[in-house]
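Some notes on the structure that comes next.
The values are calculated or read from the model by the stated rules, or taken from the named source; none is laboratory data. For clarity, every value in this text was computed on a predicted model and none was experimentally measured. Glycine also receives a Cβ, built like all others from the backbone with ideal geometry; neighbour counts cover every protein chain displayed. Calculation scope for accessible area: heavy atoms of the full protein, side chains included, ligands and nucleic acids excluded. Shrake-Rupley method; radii C 1.70, N 1.55, O 1.52, S 1.80 Å.
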Amino acid sequence: MEKLQQSMYKLIVETSTRLPKDVRRAVARAKASESAGTRAAMSLSTITNNISMADVNVSPICQDTGLPTFKVKTPVGVNQLKIKAAIKNAIAEATKGGKLRPNSVDSLTGENSGDNLGEGTPVIKFEQWEKDYIDVRLILKGGGCENKNIQYSLPCELEGLGRAGRDLDGIRKCIMHSVYQAQGQGCSAGFIGVGIGGDRTSGYELAKEQLFRSVEDVNPNEELRKLEEYVMENANKLGIGTMGFGGETTLLGCKVGVMNRIPASFFVSVAYNCWAYRRLGVTLHAETGDINEWLYNEGEEIDFSKEKVDVEEVKSETREVVLQAPITEAQIRELKVGDVVKINGRMYTGRDAIHKHLSDNDAPVDLNGQVIYHCGPVMLKDEEGNWHVKAAGPTTSIREEPYQGDIMKKFGIRAVIGKGGMGPKTLAALKEHGGVYLNAIGGAAQYYADCIKSVDGVDLMQFGIPEAMWHLSVEGFTAVVTMDSHGNSLHEDVDKSSLEKLEQFKERVF
Ligand SMILES: O=C(O)C[C@H](O)C(=O)O
Ligand code: SF4
């Protein structure tokens with residue numbers, strides 16, 4: 001098994017940096033369905049551009065390289081402990097080289113282990129089989145989409161859809177609701193894996209298991225095939241769209257599995273995966289550990305770098321404003337939902353730990369008139385001790401909802417950049433204080449890393465690389481105003497209109 005660690009390293013790097021062929025085709029279909037010049041089309045262009053940049057840079061498609069989850073099938077007699085050790089070594093190596101973000105955090109102390117290893121991370125699941133080779137599959141599922149997973153216990157009442165009973169139609173309603181409740185926060189357009197039955201644990205396992213199916217397979221169970229097709233057709237009528245900006249494509253794939261349950265329980269579990277659906281697999285020679293074959297490798301690989309972007313058309317529909325910090329209140333009050341903002345100059349990253357910290361402490365820098373970027377980047381230090389950005393897309397902003405408004409007022413922050421939008425408390429604060437929320441394209445970590453021209457400093461490194469406050473110099477960092485200082489929120493509007501659309505699916509279908 002001398003090649004095992006090397007094979008696992010290849011699998012990790014490939015999964016983190018190259019989107020699988022079936023997923024590319026799904027993204028391309030979504031792009032083709034949007035009209036040029038719309039926000040959805042613009043976002044999808046950024047996404048496909050980002051996919052190509054990750055190919056070329058061999059760098060993470062998204063900065064959140066998730067909780068690495070391996071599923072391994074081994075012939076009888078193969079030493080699983082050796083496989084586990086090889087996977088762990090390969091994970092540490094990939095983290096050191098900036099192919100994975102250090103993502104393993106002590107839940108009690110908040111300490112980041114720095115190498116992605118720790119209690120419960122990575123997840124490795126073994127199964128034995130009768131074949132004579134090893135099958136290893138890996139999914140890197142990020143935290144933002146993981147947070148949008150949902151489990152229903154039937155019967156239940158669902159907003160917009162009424163009662164969901166213990167039958168196929170009740171299941172249908174749960175799935176439709178799961179897409180609605182995710183909005184754009186899990187970086188839509190997304191994929192869902194659904195598990196019907198089991199208990200709370202095995203139901204979610206089954207849901208995640210569906211994410212290991214190919215996007216284009218056909219469910220052999222006739223009832224489930226119909227259900228999957230129904231969901232694909234109708235969830236896309238909800239109008240949530242890419243990033244929750246509205247649009248034709250909200251869902252890129254739906255896979256449903258079923259298992260038995262016990263009489264008192266009836267769970268429908270949904271695992272939501274962002275467009276940056278990073279899962280791959282290999283088969284290995286059982287004695288040497290060499291890669292025999294790459295899985296999910298069928299069909300054409302779309303090379304998005306060959307596509308042409310119709311920039312002129314995009315420009316005609318949107319107003320573009322260039323900003324440079326420090327920003328004045330008057331400049332902010334000029335901005336309206338729908339404006340495209342290009343930022344030059346300084347911004348500071350701040351996510352979960354920073355927001356909590358700033359609510360009880362002074363800021364390490366003067367934040368008056370400044371821009372906060374909700375981002376946990378992948379960073380590498382060179383031999384001279386200088387930091388380099390390897391991936392730096394936005395994180396889900398709603399987690400900062402309890403703190404954001406207060407912090408903006410306390411420190412005089414004028415703009416926050418993130419994704420998925422924020423709630424009523426922040427919207428009220430933007431109006432009162434004169435602030436703006438800018439939505440960047442979730443998952444576009446290479447695209448944004450390219451806009452970052454230098455790393456000028458870092459504070460609060462004790463929170464770990466993703467959570468520290470990085471001082472960044474940017475050029476042409478592009479984001480859309482989705483919440484302005486006049487009380488307007490695109491997120492509130494899309495939520496409301498998609499709930500109205502959801503109500504159309506109240507009547508029995510199955
Ligand atoms: O942790 C991150 O960088 C992003 C996260 O996956 C998210 O979607 O919020
Ligand atoms: S930022 Fe978006 S694309 Fe990246 S892992 Fe989170 S949900 Fe997925």
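Points to keep in mind about this one:
- For Asp484, the shell of other residues with beta-carbons less than 11 Å away shows a net charge of +1, using +1 for Lys and Arg and -1 for Asp and Glu.
- Taking every DSSP bridge with both residues inside the chain, close to 65 percent are antiparallel.
- Beta bridges by DSSP in region 417-489, antiparallel share as percent, to the nearest 5: 85 percent
- Counting charges near Asn219 (Lys, Arg +1; Asp, Glu -1) among other residues having Cβ under 12 Å from its Cβ returns a value of -2.
- Amide H partners (placed H, <5 Å) of Tyr373, local residues excluded: Tyr348, Thr349, Gly350, Ile417
- Here is the list for region 139-227: trypsin sites (Lys or Arg not before Pro) lying in DSSP coil, each with at most 15 other C-beta atoms within 10 angstrom of its C-beta, are Arg166.
- Other residues lying with their Cβ under 12 Å from the Cβ of Thr69 contribute a combined charge of +4, Lys and Arg counting +1, Asp and Glu -1.
- Percentage relative contact order, the chain, counting C-alpha pairs under 8 Å, at least six apart: 19 percent
- When its C-alpha radius of gyration is set against 2.2 N^0.38 Å (N residues), region 1-128 gives a value of 1.27.
- When the listed pairs Lys125/Lys255; Lys237/Lys342; Lys125/Lys173 are checked against a 28 Å cut-off, the alpha-carbon distance exceeds it for Lys237/Lys342; Lys125/Lys173.
- Centre-to-centre separation between the Cα atoms of region 212-269 and those of region 405-433: 35 Å.
- Compactness ratio for region 174-318: Cα radius of gyration over 2.2 N^0.38 Å (N = residue count) comes to 1.25.
- Using the Karplus relation 6.51 cos²θ - 1.76 cosθ + 1.60 with θ = phi - 60°, the per-residue 3J(HN,Hα) values for region 369-375 come to x, 8, 10, 9, 10, 6, 7 Hz, with x marking Gly and Pro.
- All Cα-Cα distances of the chain, cut into 10 Å bins from zero to the largest, leave 4, 19, 29, 27, 16, 4, 0, 0 percent in each bin in turn.
- Unmatched cysteines, the chain - criterion: no other Cβ of a Cys under 4.7 angstrom: Cys62, Cys156, Cys174, Cys254, Cys375, Cys451
- Percent accessible area from carbon and sulfur atoms, the chain, protein chains only, probe 1.4 Å: 48 percent
- Accessible area per residue (1.4 Å probe, heavy atoms of protein chains only) ranks His491, His388 as His388, His491, with the largest value leading.
- Rg to Rh, two decimals, where region 188-266 supplies the alpha carbon set and Rh follows Kirkwood: 1.03
- Across the cross-link table entries Lys3/Lys73; Lys99/Lys381; Lys141/Lys506; Lys356/Lys425, which are compared at the Cα atoms, the separations over 23 Å belong to Lys141/Lys506.
- Average accessible surface for the chain: 40 Å² per residue, computed with a 1.4 Å probe over protein heavy atoms with every protein chain in place.
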